[in-house]
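Read through the structure below, which is laid out as structure tokens, and then see the notes.
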Amino acid sequence: MYIPRTMDARSASHVLHQVAALLALHGEPDSVARPHAIAARKLAALDEAALATLLRDGELDTLGEAPLAVVRDLADTGDSALFERLREDTPEGLLEMLRVPGLGPTRIHRIHAGLDIDTLQELEAAARDGRLASLPRFGARAAAQVLNGIASLREQGSPVLYPHALAEAHRLLAHVRSHADVERAEISGALRRRGETIRELDIVAACRAFPARVAASFTRGPGVREVVGGGGRSVTIRYADGFLLSLHCVSEGDFPVALWRTTGSDTHVAEVRGRAAQLGMSIAGDTLRDDEGRAIPLVDEVAFYRALGLDWVAPELREGGGETARAAEHALPNLVRVADLRGVLHCHSHASDGETTIADLAAAAQERGWSYLGVSDHSQSAFYAGGMDRDGILRQHDEIDAINATLTGFRVLKGVEADILPCGRVDYDERTLDKFDYVIASVHSRMGMNERQMTDRVCKALDDPHVTILGHPTGRLLLTREPFAIDMDAVLAKAGAEGVAVELNADPHRLDLDWRLLPAARKHGAQVEIGPDAHAVHGLDNVEIGIGMARKGWLEASDILNAKPMDEVLAFAKRRRLAKPRPVVLSEANDLLPPVVLSEAKDLLFGAPDTNGPVGAA
């Protein structure tokens with residue numbers, strides 16, 4: 001779901017359709033949701049007429065009060081506050097479910113309310129194990145329809161999120177390994193490279209004999225719907241649930257090269273083949289041959305790379321981004337590992353929109369071997385997510401103090417995920433922000449700004465010395481929302497210059513910052529924080545996916561803020577506050593300053609008449 005950049009009648013119609021769906025998804029009665037859908041159809045009939053003109057001429061007065069308010073908001077600002085509130089208050093997985101054919105928002109709401117399910121993976125499991133059928137007004141037939149809809153979605157070539165693909169790949173891997181003639185088998189392809197979304201699963205199997213016969217046996221296995229490609233030693237199978245598997249069966253001696261080849265990417269494979277040619281060697285099928293055409297025996301991938309004079313290249317790096325040349329120079333990075341993390345900083349408790357207590361989060365963090373956990377519930381402007389007011393903050397800090405008094409060798413840190421307001425100000429006043437150990441500043445509203453406006457907005461927020469981390473910097477939601485328009489190179493340069501870390505949000509629906517932008521963060525000297533964005537205890541494990549993305553972005557432990565000890569993280573946050581004062585924003589000045597000094601505040605913000613230009617102007 002997204003709001004188009006330009007706002008005409010057709011685009012407004014699209015937004016109203018989404019508002020109607022979200023209202024139904026949240027369980028609002030038909031009398032609330034339906035008027036938005038009706039208004040959307042009326043606007044669609046007006047084609048691409050400009051909203052401002054239609055409003056001025058009174059042609060939209062019959063839309064109804066609530067839909068008309070959305071349209072006026074779109075015409076005035078290019079955004080819809082209602083849409084953004086609904087969108088931010090909706091679990092990402094429910095939006096993913098909307099893509100399933102035949103599964104509408106009202107049914108999704110009943111599933112979510114009845115089974116506490118909020119991911120497509122959980123929905124599929126519930127449809128299989130009978131929980132969905134047991135819901136009132138569902139039954140076995142409805143559960144079967146849901147499974148068929150999910151399968152249909154996959155058959156359309158739609159990608160799935162990394163963790164869902166990984167779970168299915170492990171199930172299929174166990175099936176392949178159970179074959180009597182399979183010596184060993186491993187996952188390869190884009191999943192092994194840790195792609196954020198996956199269209200097809202790849203598995204390589206080393207067979208004791210007759211690889212083609214083994215491959216053929218899987219085409220007649222349980223759950224197979226059709227064989228859609230290949231033949232001989234490699235087959236591509238579509239299963240009844242829509243998943244697509246490319247199975248590559250080889251001899252034991254060919255396994256190392258086959259694992260490398262099928263892991264890819266195409267660009268990396270081509271580069272390594274070119275390296276072999278430069279050395280007078282060749283890769284024929286899944287065999288590496290020397291300059292006289294003799295097969296070179298290999299025990300594993302490490303031996304394969306070594307035979308070509310290369311260091312082993314981690315699968316995450318095999319994207320054709322210069323890794324082959326670096327491997328030849330023995331200059332590959334020492335990539336960050338899960339074990340390098342000392343703690344996490346982006347977690348939500350039930351004080352805002354989380355599902356668990358601070359004490360439970362802290363205990364789970366200790367079990368994972370970390371020495372600190374930061375609680376970063378939403379700020380007051382995020383009312384749709386239960387954002388905390390000042391009294392709520394004080395209560396939470398008392399709670400954290402009480403928990404810390406019971407702990408040894410572990411500490412809960414007082415953080416917040418504060419909204420970056422449309423004017424660029426960070427939510428809360430200075431005295432309130434001073435109470436936190438660190439601040440994550442994130443955009444959750446007005447995402448339809450153009451690139452210049454959004455870039456200016458975020459860069460102004462980075463001027464605030466309370467800001468420690470820029471949260472999910474592009475606002476993307478994989479499969480459901482495109483990144484908002486923003487000049488990320490300018491933002492990363494600003495973050496590096498100001499000493500602000502940028503987040504790699506490890507929620508599998510976000511994975512934001514995109515791994516392709518991580519080298520730029522490193523180039524500009526910006527630290528990266530890997531945040532689980534955990535809303536429950538199991539969400540802490542998102543960091544494993546985040547580590548995979550960090551590795552794809554060539555990052556080492558020294559690049560990661562929360563791979564540092566707690567004292568260094570606190571010093572990182574404190575350094576900026578000591579170095580510079582918080583900038584004053586006019587709206588804040590009006591609230592805080594008496595009238596006799598407002599003129600001075602305006603001079604500070606916009607420049608006195610004898611200055612060379614405005615300072616801090618919006």
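So, with +1 on the Cβ of K and R and -1 on the Cβ of D and E, and no other charges, what is the size of the charge dipole of the range 67-139 about its Cα centre, to the nearest 20 debye?
480 debye
Gap in Å between the Cα centre of the range 237-273 and the Cα centre of the range 57-126?
Between the Cα centre of the range 57-126 and that of the range 237-273, the gap is 40 Å.
Given contacts defined as C-alpha pairs under 8 Å and at least six residues apart, what's the relative contact order of the chain, whole-number percent?
10 percent.
Mind checking the dipole of the range 338-579: about its Cα centre, +1 per Lys or Arg Cβ, -1 per Asp or Glu Cβ, Debye to the nearest 20?
That gives the range 338-579 a dipole magnitude of about 620 debye.
Could you work out, for the range 260-364, what percent of all Cα-Cα pairs fall into each 5 Å distance bin, beginning at 0 Å and stopping at the bin that holds the largest distance?
Per 5 Å bin, starting at 0, the Cα pair percentages come out as 2, 10, 17, 17, 12, 7, 5, 6, 7, 6, 5, 3, 1, 0.
For the ranges 116-123, 26-33, what's the packing order if you count other beta-carbon atoms within 10 Å of each residue, average per peptide, and put the highest first?
For the peptides 116-123, 26-33, the packing ranking is 116-123, 26-33.
Which ordering of ARG192, ARG87 is given by a fewest-first count of other beta-carbon atoms within 10 Å?
By the 10 Å Cβ count, ascending: ARG192, ARG87.
Which listed residue (ASN404, VAL235, GLY354) has the Cα farthest towards the positive end of the charge dipole for the chain, taking +1 on Lys and Arg C-beta and -1 on Asp and Glu C-beta about the Cα centre?
Of ASN404, VAL235, GLY354, it is VAL235.
Shape call for the range 338-579 from the C-alpha gyration tensor, a ≥ b ≥ c root eigenvalues: rounded (a/c under 1.5), prolate (a/b greater than b/c) or oblate?
Because its axes are fairly even, with a/c under 1.5, the range 338-579 counts as rounded.
Go ahead and estimate [θ] at 222 nm for the chain from helices alone: -39,500 (n - 2.57) per DSSP H run with n ≥ 4, summed, over the residue count, rounded to 500.
Value at 222 nm, helices only: -13000 deg cm²/dmol.
Using 27 Å as the Cα-Cα cut-off, could you pick out the over-long pairs in LYS460/LYS552; LYS414/LYS552; LYS414/LYS564?
LYS460/LYS552; LYS414/LYS552
Taking 8 Å as the Cα distance limit and 6 or more residues as the minimum spacing, I'd like the relative contact order of the range 378-422 as a percentage.
Relative contact order, the range 378-422: 44 percent.
Ranking LEU279, LEU166 by Cβ neighbours within 10 Å, fewest first, what do you get?
Fewest-to-most Cβ neighbours within 10 Å comes out as LEU279, LEU166.
Relative contact order (percent) for the range 338-579, with alpha-carbon contacts under 8 angstrom and 6 or more residues of separation?
20 percent.
Students often forget the sequence filter, so: which aspartates and glutamates lie under 18 Å Cα-Cα from LYS435 once same-chain residues fewer than 8 apart are removed?
ASP377, ASP389, ASP391, ASP398, GLU399, ASP401, GLU417, ASP419, ASP427, ASP464, ASP567
Of the labelled options [x] 27.1, 90; [y] 24.6, 85; [z] 23.6, 72, which one gives Rg and Dmax of the Cα atoms in Å as computed for this structure?
Given [x] 27.1, 90; [y] 24.6, 85; [z] 23.6, 72, the calculated one carries the label [x].
Using only Cα atoms, locate the centre of the range 519-561 and the centre of the range 304-356, then give the distance between them in Å, rounded to an integer.
Using only Cα atoms, the two centres lie 9 Å from each other.
Could you tell me the convex hull volume per residue, in Å³, taken over the Cα atoms of the range 118-219?
With only Cα atoms used, the range 118-219 gives 115 Å³ per residue.
What translational D, rounded to a whole number of µm²/s, comes out for the range 251-294 from Stokes-Einstein when the hydrodynamic radius is the Kirkwood one over Cα pairs, at 4 °C and 1.567 mPa s?
Translational D for this selection: 122 µm²/s.
Give, rounded to the nearest 20 debye, the magnitude of the charge dipole that the chain has about its Cα centre when Lys and Arg contribute +1 at Cβ and Asp and Glu contribute -1 at Cβ.
In total the dipole reaches around 1500 debye.
Going by how many other beta carbons lie within 10 Å of each one, how would you line up ILE237, ILE393, ILE296, fewest first?
Lowest count first: ILE296, ILE393, ILE237.
Is the range 178-282 best put as rounded, prolate or oblate by its Cα gyration tensor, with a ≥ b ≥ c the root eigenvalues, rounded for a/c under 1.5, and otherwise prolate when a/b is larger than b/c, oblate when not?
Oblate, since a/c reaches 1.5 and b/c is not below a/b.
Quick one: 3J(HN,Hα) in Hz for the range 66-74, Karplus 6.51/-1.76/1.60 with θ = phi - 60°, rounded, Gly and Pro as x.
5, x, 5, 5, 5, 5, 4, 4, 5
Quick note: the coordinates plus some simple rules give every number you see, no bench work behind them. Bear in mind that the values here come from a model prediction, so they are computed numbers and not experimental data. Here Cβ is always computed from backbone atoms with ideal geometry, including for glycine, and neighbour counts include all displayed protein chains.
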